[in-house]
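The values are calculated or read from the model by the stated rules, or taken from the named source; none is laboratory data. This is a predicted model, so every value here is computed, not measured. Counting neighbours? That spans all protein chains shown, and the Cβs are built from the backbone with ideal geometry, glycine included.
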Amino acid sequence: MTIRNPERMSQNTRRTRQPRPAGLTARTIRVQGIERPPGRRRRRPPPRRAWPIWTNLSAHLRRRRARRPRPWNWTASASVIAALAAAGGVFYTGLSLDATQAQNDVAARSQVADRFTKAVDQLDGTGPEHLQARIGAIYALESLARDSPSDHPTVVEVLAAFIRSTASKPGRRSFGNFDPCPDIDTPADVQAALTVLGRRETSHDNSRGQIDLSYTCLRGVNLDDGRFAGANFRGVDLSHSTLVRTDLSGADLVQADLTATYLAETNLHKAMLINADLKDAYLLRTRLTHTTIMLVRHNDETLIVDVRVDAQTRGIWW
């Protein structure tokens, strides 16, 4: 223990560092009671403990394990790889479906073309021995127009051309006057074509197209519930025919022969019946609004019952 001088400790004077006497060590100073001047004492570091070699080795291994990178998470990697593979599969499936759809479209168009060609070839047959083939071709074209709306206008034009080329035609004597049609019934294949045209899906019609049946002999045909709005019946012989609930709105019936024709609930709105023949015709609840019926030929046997007219109906004679 260091011995301090009481008198020296009680003084309030500034302490000064005294030089160490020569030949004295710190141990000698403490023993002789000489007080060491105040100052910063240099502390010796504590001696290292001699740890066992296995303790140092284990600490070293722990430090190396701490510095070692974390192990690879194979589960997460597998999940990411599986997700990428699934996304690639979906993309590849979409491309495959597009290619398959394109191939199916090409095959469908080829099949439609084959059906159309075969039906037209059957329509080309003439004579009574090919009648059934022609009728079958007409209904085949109807099915084709239903299955392929893009080919619907073409089918309508083909059937209208078939009617014009197959049905008889009145002989022209002078301007505006025609010889009467032969007193024969309309052929069965022409009637089938008219039936198909009358029940077609009008929403698939070409906006600029028009069913052209002008100057044909369609005597005694059945056009009940037919859709012939805007059709061209100019100079057509429709005598002794039935047109019950037939839509002829906006149709061209100029110089049409409607002798003894049954027009019950027929829609003739905005139709043109100039110089038409209505002798012996029966008009029952027929719509004649905005209709032009000027110069119409009629007789006492022409029956007009409950027809609908308006201020725009021109040529009323009854």
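If a residue must be closer than 18 Å to GLY235 by Cα and more than 47 Å from the chain's Cα centre (by Cα), how many such residues does segment 292-318 contain?
Qualifying residue count for the region: 5.
Among the numbered criteria (1) of a type outside the set (D, E, K, R); (2) assigned to a helix (DSSP H, G or I); (3) more than 19 Å from PRO149 (Cα to Cα); (4) modelled with pLDDT of 80 or more, which one does PHE91 miss?
Against the list (1) of a type outside the set (D, E, K, R); (2) assigned to a helix (DSSP H, G or I); (3) more than 19 Å from PRO149 (Cα to Cα); (4) modelled with pLDDT of 80 or more, PHE91 comes up short only on (4).
Please go through segment 195-219 and pick out each residue that is among the polar types (S, T, N, Q), out of contact with any strand residue (DSSP E or B) (no Cβ under 9 Å at 6 or more places or on another chain) and either crowded, with 22+ Cβ neighbours inside 10 Å or outside any loop (DSSP other than H, G, I, E, B) (or both).
If we filter segment 195-219 for residues that are among the polar types (S, T, N, Q), which is where we start, we get 195, 202-203, 206-207, 210, 214, 216.
Applying the additional criterion that residues be out of contact with any strand residue (DSSP E or B) (no Cβ under 9 Å at 6 or more places or on another chain) yields 203, 206-207.
Listed by number, the list holds a single entry, SER203.
If I ask for residues that are touching a Lys or Arg at 6+ places or on another chain (Cβ under 9 Å), closer than 16 Å to ALA251 by Cα and part of a loop (DSSP other than H, G, I, E, B), which ones from segment 292-315 would you list?
If the condition is that a residue be touching a Lys or Arg at 6+ places or on another chain (Cβ under 9 Å), closer than 16 Å to ALA251 by Cα and part of a loop (DSSP other than H, G, I, E, B), then ILE293, MET294 are the ones that fit.
Residue by residue through segment 136-171, note down the ones that are among the polar types (S, T, N, Q), more than 21 Å from SER110 (Cα to Cα) and in a loop (DSSP other than H, G, I, E, B).
SER168
Looking at ASP247, ASP300, can you tell me which residue is buried (at least 17 other Cβ atoms within 10 Å of the Cβ) and of a type outside the set (Val, Ile, Thr)?
Unique residue meeting the criteria: ASP247.
Checking ALA192 against (1) at pLDDT 95 or above; (2) in a loop (DSSP other than H, G, I, E, B): exactly one of these is not met. Which one?
Just one mismatch for ALA192, condition (2).
So, in segment 233-251, of the ones that are at pLDDT 95 or above and assigned to a strand (DSSP E or B), which residue ends up nearest to GLN312 (Cα to Cα)?
Only one residue tops the list, namely ASP247.
Does segment 57-68 contain at least one residue that is assigned to a helix (DSSP H, G or I), surrounded by 10 or more Cβ atoms within 10 Å (Cβ to Cβ) and modelled with pLDDT of 80 or more?
For segment 57-68, residues assigned to a helix (DSSP H, G or I), surrounded by 10 or more Cβ atoms within 10 Å (Cβ to Cβ) and modelled with pLDDT of 80 or more: absent.
Yes/no per residue for (1) of a type in the set (Val, Ile, Thr); (2) touching a residue at least 24 places away in the same chain (Cβ under 8 Å); (3) crowded, with 19+ Cβ neighbours inside 10 Å:
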| position | (1), (2), (3) |
| --- | --- |
| PRO149 | no, yes, no |
| ASP179 | no, no, no |
| VAL221 | yes, yes, yes |
| GLY230 | no, no, no |
| VAL236 | yes, no, yes |
| LEU258 | no, no, yes |
| THR266 | yes, no, yes |
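Would you check which residues across segment 103-144 are without any contact (Cβ under 8 Å) to a residue 24 or more places away in the chain and basic (Lys, Arg) and list them?
Within segment 103-144, ARG109, LYS118 qualify.
Scan segment 275-291 for residues that are within 45 Å of the chain's Cα centre (by Cα) and in a loop (DSSP other than H, G, I, E, B) and jot them down.
ARG285, THR286, LEU288, THR289, HIS290, THR291
Tell me which of these ILE163 doesn't satisfy, since it passes every other one: (1) surrounded by 19 or more Cβ atoms within 10 Å (Cβ to Cβ); (2) at positive phi.
Condition (2) is where ILE163 drops out.
Of everything in segment 122-135 that's farther than 17 Å from LEU197 by Cβ and either surrounded by 13 or more Cβ atoms within 10 Å (Cβ to Cβ) or modelled with pLDDT of 90 or more (or both), which residue is farthest from the chain's Cα centre (by Cα)?
Residues of segment 122-135 farther than 17 Å from LEU197 by Cβ: 122, 124-133.
Restricting the remaining residues to those that are either surrounded by 13 or more Cβ atoms within 10 Å (Cβ to Cβ) or modelled with pLDDT of 90 or more (or both) gives 122, 125, 129-133.
On the way: GLN122: 35, GLY125: 40, GLU129: 45, HIS130: 41, LEU131: 40, GLN132: 39, ALA133: 37 Å.
Residue satisfying both the conditions and the ranking: GLU129.
Hey, can you tell me all the residues within segment 257-274 that are assigned to a loop (DSSP other than H, G, I, E, B), of a type outside the set (Ser, Thr, Tyr) and on the phi < 0 side of the Ramachandran plot?
LEU258, LEU268, HIS269, ALA271, LEU273, ILE274
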